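To start, the structure itself, in structure tokens.
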Amino acid sequence: CSMAVGSPRPRPLSRPSVAAPTLICVFLLLGYISCSAVLVARIQAWSFANAFYFCFMTLLTVGQGNLSPNQASLLVCTLYVFIGMILVSTCWHIFQEEVLLKLQQHDEAQTKVQEVAREEGKVASARS
């Protein structure tokens, strides 16, 4: 990347868009929790709000323990948690790969652009 003396400095790189993978992960998790809440509400005879609360707290492992399934639906809830943990770990992996690594690569590329600009500035000032 060579620049003529007096040419404008390189523009900073624009940050990569990370909204799409983030929104996809959020909607996947909320969709899974909502669909599971409908199922749990029917099985447990709970309101949707209570079932959503139970599913959210159970899946994200922040459970308070004030709602628990009866013995008859324990297998369904165990299956829900197992599949949900797979979904959470997959979404975390997608988030890490698509968002965090893109931002890290952007920062590294931005640092390189700044270093090249500094070096070219030193060369230009040495020529004058």
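The values are calculated or read from the model by the stated rules, or taken from the named source; none is laboratory data. All values reported here derive from a predicted model rather than from experimental measurement. Virtual Cβ from ideal backbone geometry, glycine too; neighbours counted across all protein chains shown. All accessible areas refer to the heavy atoms of the entire protein, side chains included, with ligands and DNA or RNA removed. Shrake-Rupley method; radii C 1.70, N 1.55, O 1.52, S 1.80 Å.
First measure r as the distance between the Cβ atoms of A20 and V76, then evaluate 1/(1 + (r/R0)^6) with R0 = 35 Å and state the FRET efficiency to the nearest 0.05.
The computed FRET efficiency comes out at 0.60.
Just the accessible area per residue of segment 22-96, please: how many Å² with a 1.4 Å probe?
63 Å²
Given the alpha-carbon gyration tensor of segment 81-120, what are the semi-axes of its equivalent ellipsoid in whole angstrom, ordered largest first, with each equal to the square root of 5 times an eigenvalue? Walk me through the numbers before you get to the answer.
Values: eigenvalues 280, 3, 3 Å².
Its equivalent ellipsoid spans semi-axes of 37, 4, 4 Å.
Give me a comma-separated list of calculated 3J(HN,Hα) values for segment 80-88, in order, Karplus coefficients 6.51, -1.76, 1.60 applied at θ = phi - 60°, integers in Hz, x for any Gly or Pro.
So the Karplus estimates, Gly and Pro as x, are 4, 5, 4, 5, x, 5, 5, 5, 4 Hz.
What length, rounded to one decimal in nm, is gained on full extension from K122 through to H93, with 0.36 nm per residue of separation minus their alpha-carbon distance? It would help to have the intermediate numbers written out before the result.
Working: separation 29, 0.36 × 29 = 10.44 nm, distance 4.24 nm.
Roughly 6.2 nm would be gained on extension.
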